[in-house]
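To start, the structure itself, in structure tokens.
The values are calculated or read from the model by the stated rules, or taken from the named source; none is laboratory data. Keep in mind it's a predicted model, so treat the numbers as computed, not measured. Note: ideal-geometry Cβ built from the backbone for every residue, glycine included; neighbour counts use all protein chains shown.
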Amino acid sequence: MLKNYLDINIEVEKAIKEGKPVVALESTIISHGMPYPRNVETALKVESIIRDNGAIPATIAILNGKLKVGLTAEEIEFLGKEKNVVKTSRRDIPFIIANSLNGATTVASTMIIAALAGIKVFATGGIGGVHRGATETFDISADLEELSMTDVAVICAGAKSILDIGLTLEYLETKGVPVVGFKTDELPAFYTRKSGFKVDYRVDCEETLAKALKAKWDLGLNGGVVVANPIPEEYAMDFDTITNAINNAVKEAEEKGIKGKESTPFLLAKVKEITKGESLESNIQLVYSNAAVGARLAVELSKLNK
């Protein structure tokens, strides 16, 4: 039945069958994260970085109701320009399929589709989490629940700094999701290398991380792993500058009643505006860095599984 829904690119399918390293990529960053043409340029560059580090990229989206694993350059271009693309999380997938719509995948839905295809490594920007004020609103990203269930390692620059990072870590701990710092003892906060919160474990090389992932899944310890890779130092933003920008953006979102899945795109756009575009460049560079780590991790994991 899965063949009725899942369309895997020939190159990606061959790599999966042969046990070669493959890295999943989301598509929300293309459709909802950046303006055209920067979104398409970034997506293609990320794929190039993954290839340069020895793995095969598999950008994931839903096109005309089909779960697509491994987009062509033309399909990425389409997503970058098309206005009617639904930001798609777990709950949305059946309805996007049923109505033959186009969907841009979030962290949660990318994990689901990657797992269906047999891909274990996924590189993104930052994960969703517990939103500020969630004790009143219960606004918690589906990303966290997916991390507790789906066997995919998510390489990211930590939790987005627009979130309540402390509560996000508490939620992940409750769900048994390891938060691993890649060459860091402190959880990065997307635009900045510091958050004030410690990770569960520090790992300094992809080989050791791959061994830990294999052990986890061999033992039937289901669920993902957060691999927190700090933004490169030369692109990190000043902690006070970004904190003030985020606080102002959060206040405006509250005043306008913006909630749920609309809140993250709004907040990131406001932060970009407040920082005069500096945050967009930081965002792009951290994605590049995560793609390189993800590719090298996929290479090490493929060696262990042969």
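Here SER282 does not fit the description of being small (Gly, Ala, Ser), buried (at least 17 other Cβ atoms within 10 Å of the Cβ) and more than 18 Å from the chain's Cα centre (by Cα).
Tell me, please, whether a residue that is in contact (Cβ under 8 Å) with a residue 12 or more places away in the chain and touching a Cys at 6+ places or on another chain (Cβ under 8 Å) can be found in the stretch 229-240. The answer is yes, given that some residue of the stretch 229-240 is in contact (Cβ under 8 Å) with a residue 12 or more places away in the chain and touching a Cys at 6+ places or on another chain (Cβ under 8 Å). Residues of the stretch 186-211 that are assigned to a loop (DSSP other than H, G, I, E, B), under 19 Å from the mean Cα position of the chain (by Cα) and of a type outside the set (D, E, K, R): LEU187, PRO188, PHE190, TYR191, SER195, VAL199.
Kindly list the number of the only condition in (1) over 15 Å from THR106 (Cβ atoms); (2) over 16 Å from the mean Cα position of the chain (by Cα) that fails for PRO57. Result: PRO57 passes all but (2). Residues in the stretch 212-237 that are out of contact with any helix residue (DSSP H, G or I) (no Cβ under 6 Å at 6 or more places or on another chain), surrounded by 14 or more Cβ atoms within 10 Å (Cβ to Cβ) and assigned to a loop (DSSP other than H, G, I, E, B): 2 in all. One residue alone among LYS183, LYS214 is on the phi > 0 side of the Ramachandran plot, in contact (Cβ under 8 Å) with a residue 24 or more places away in the chain and over 18 Å from the mean Cα position of the chain (by Cα), and that residue is LYS183. How many residues does the stretch 146-170 hold that are closer than 23 Å to ILE49 by Cα and assigned to a strand (DSSP E or B)? Result for the stretch 146-170: 6. Condition first: of a type outside the set (D, E, K, R), part of a helix (DSSP H, G or I) and surrounded by fewer than 20 Cβ atoms within 10 Å (Cβ to Cβ). Now tell me which residues in the stretch 254-279 satisfy that. Correct list: GLY260, PRO265, PHE266, ALA269, ILE274. Hey, among ILE113, ILE155, ILE127, ILE119, which residue is touching a Lys or Arg at 6+ places or on another chain (Cβ under 8 Å) and surrounded by 22 or more Cβ atoms within 10 Å (Cβ to Cβ)? Unique residue meeting the criteria: ILE127. Counting only helices (runs of 4 or more DSSP H) that fall entirely inside the stretch 32-145 and contain at least 3 residues that are of a type outside the set (S, T, N, Q) and in contact (Cβ under 8 Å) with a residue 12 or more places away in the chain, the qualifying elements are 38-52, 73-81, 93-98, 107-117.
Of all residues in the stretch 66-80, those that are surrounded by 14 or more Cβ atoms within 10 Å (Cβ to Cβ) and either out of contact with any helix residue (DSSP H, G or I) (no Cβ under 6 Å at 6 or more places or on another chain) or over 21 Å from VAL107 (Cβ atoms) (or both) total 6. From the list ALA108, ALA61, ALA43, the lone residue that is surrounded by 24 or more Cβ atoms within 10 Å (Cβ to Cβ) and out of contact with any strand residue (DSSP E or B) (no Cβ under 7 Å at 6 or more places or on another chain) is ALA108. Is it the case that ILE29 is crowded, with 19+ Cβ neighbours inside 10 Å, modelled with pLDDT under 95 and not in a loop (DSSP other than H, G, I, E, B)? When the stated conditions are applied, ILE29 passes them.
Return the residue satisfying two criteria in turn: it lies in the stretch 94-147 and is of a type in the set (Ser, Thr, Tyr) and in contact with a His (Cβ under 8 Å, 6 or more places away or on another chain), and of such residues it is nearest to VAL22 (Cα to Cα).
SER141
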